[in-house]
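Q: One structure, pasted below without further comment.
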Amino acid sequence: MAKDGATELVEAFFAAVAAGDLPNSLLTPDMTGWITTQGTMDKTSYQGLIRLLARMTDGPLRFTIDAVTAQDDRIVAEARSAGRLISGEDYAQTYVYVFRLRDGRIASVAEHYNALVAQEKLLPLMKELQAS
């Protein structure tokens, strides 16, 4: 099955998140993000969370994309991540990402995930790193 530009863009997004840096080249200037535990944020705040996530992990998260569905300017990706946190704990999460595209870039992304896992494992590390 041939990949289209939208699928390649989603794969580039997951590779960038795994690397801990979401570049402007993938995003529209007015991009917005939404995450389950914090709601809506602007592009700079979302990119900051991606960098913070990278600081909380001991090596890159590994993403597995289980399914991608595209219609018009919208892509939905079902995905899983696995990795180890700097606390030594394993971290695994399941997601549904909803992307909106414009001019070949991501205009918005909504991350739906298991909030309980994030609150139990990431929130303590997030507070610790933001305090330092």
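Read-outs throughout are calculated quantities, based only on the coordinates presented, and are distinct from any laboratory measurement. Quick caveat, the model's predicted, so the values are computed rather than measured. Here the Cβ positions follow ideal geometry from the backbone for every residue, glycine too, while neighbour counts run over all protein chains shown.
Q: Output the residue which, of all residues in region 98-121 that are within 18 Å of Leu52 (Cβ to Cβ) and either in contact (Cβ under 8 Å) with a residue 12 or more places away in the chain or touching a Lys or Arg at 6+ places or on another chain (Cβ under 8 Å) (or both), is surrounded by the most Cβ atoms within 10 Å (Cβ to Cβ).
A: Only one residue tops the list, namely Val109.
Here is a yes/no grid of residues against (1) of a type in the set (Lys, Arg); (2) in contact with a Lys or Arg (Cβ under 9 Å, 6 or more places away or on another chain); (3) touching a residue at least 40 places away in the same chain (Cβ under 8 Å):
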{"residue": "Glu11", "(1), (2), (3)": "no, yes, yes"}
{"residue": "Val17", "(1), (2), (3)": "no, no, yes"}
{"residue": "Asp21", "(1), (2), (3)": "no, yes, no"}
{"residue": "Asp42", "(1), (2), (3)": "no, no, no"}
{"residue": "Leu52", "(1), (2), (3)": "no, no, yes"}
{"residue": "Asp90", "(1), (2), (3)": "no, yes, no"}
{"residue": "Thr94", "(1), (2), (3)": "no, yes, no"}
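Q: Which residue is nearest to Leu129 (Cα to Cα), if the candidates are limited to region 33-54 and must be among the β-branched types (Val, Ile, Thr) and under 12 Å from the mean Cα position of the chain (by Cα)?
A: Ranking the candidates gives Ile50 first.
Q: Here are Asp30, Asp90: which of them is loosely packed, with under 12 Cβ neighbours inside 10 Å, more than 14 Å from the chain's Cα centre (by Cα) and closer than 25 Å to Pro124 by Cα?
A: One residue alone meets the criteria, Asp90.
Q: Could you check Thr64 against (1) without any contact (Cβ under 8 Å) to a residue 24 or more places away in the chain; (2) on the phi > 0 side of the Ramachandran plot and say which number it fails?
A: It is condition (2) that Thr64 fails.
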